[in-house]
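Below is one structure, written out as structure tokens; the observations come after it.
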Amino acid sequence: MSEDGTIEMVKEASDASSLLERCSLIMEFVAQSGRPVSVSELIRTLSVPKPSAHRICRILECMGMLVRDPLAKGLVVGPRLLSLALNATLSSGEDAVRRSVLRAVVDETGETCSLTIMVGDELVFLDRVESESPLRLQLFAGSRVPLHCTSGGKLFLAYLPKEKRERFVSTAHLKAYTENTITDPQALQEELEKIRMEGIGYDNQEYVKGLIATAVPVFDARGRMRAAVSVNAPAGRSGPEESQRHIVALRQASQALSSAYSES
């Protein structure tokens, strides 16, 4: 190969590396912001040249990595990036640590314990350790359930910024899964305010009749809610004393999991 050909190959490799790095920086910034981000903010904050920023954002939009929020007119995480993040989390090498923490809750309470995260407008099960009870909800890592009628889902909604929470409640389809499901937006808002103050999410047979659930938040080192750890049990087997024991066990698990998130 001629010297000119070698130089051209090196230049193309360098350009590709630079493009990939800028794509990664932009996706990471948008994901960490937790709000719509304008292209001008990306240009200013990341020092990306204006033409490159617009070109990269168009590419990422076409790929589904980012999408444009029609109301805020900024970029937010897209479905493909969400899926990639979820798959990476589900295959994380830290699953042994997670399962040991969840197993400790099951041993203490005798009930099923789950770790969930919020992905888009759904609650996704990251990990789950089942109890030996014959009455239980069979779910597995990657299962998706609604936010408005599950203990972990309501907890995530409660910890959203007020504007986002109100927007979700006012626009979401609050489907009734049981006669206990809260379908009135105002009633759900009041429930979420209470959950935010107590730091505990409840599901009183709202998703599956006969099953109740209790959840507490898991925070990272920056105080952001990253996950919810929950216990679900048959309604007839969980009175006030049992519920209090569940909360104590869940808060211990939350501290252990928060430490793991902070270290990672």
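Quick check for you: with a 1.4 Å probe and neighbouring chains kept, what is the accessible area per residue of the range 156-264, in Å²? Walk me through the numbers before you get to the answer.
Details: 5810 Å² over 109 residues.
I get 53 Å² per residue for this part.
Would you mind counting up the charge near L46? Only other residues with Cβ under 10 Å from its Cβ, with Lys and Arg at +1 and Asp and Glu at -1.
0
Using the Cα gyration tensor of the range 137-257, with a ≥ b ≥ c the square roots of its eigenvalues, what is the shape: rounded (a/c below 1.5), prolate (a/b larger than b/c) or oblate (neither)? All intermediate terms of the calculation are to be shown ahead of the outcome.
On the way: a/c = 1.57, a/b = 1.08, b/c = 1.46.
Judged from the Cα gyration tensor, the range 137-257 comes out oblate (a/c at least 1.5, b/c at or above a/b).
Within the set K162/K209; K175/K209; K73/K164; K154/K209; K154/K175; K164/K194, which residue pairs have Cα atoms separated by over 25 Å?
Exceeds cut-off: K162/K209.
For the range 161-256, run through the trypsin sites (Lys or Arg not before Pro) and keep only the ones in DSSP coil with at most 13 other Cβ atoms within 10 Å of their Cβ.
K175, K209, R222, R224
By how many nm would the segment from L20 to K162 lengthen if fully extended, with 0.36 nm per residue of separation less the alpha-carbon distance?
47.6 nm
The values are calculated or read from the model by the stated rules, or taken from the named source; none is laboratory data. Model, not experiment: these values are computed from the prediction. Note that we place each Cβ from the backbone using ideal geometry, even for glycine, and neighbour counts take in every protein chain shown. These area figures cover heavy atoms from the full protein model, side chains too; ligands, DNA and RNA do not enter into them. Shrake-Rupley method; radii C 1.70, N 1.55, O 1.52, S 1.80 Å.
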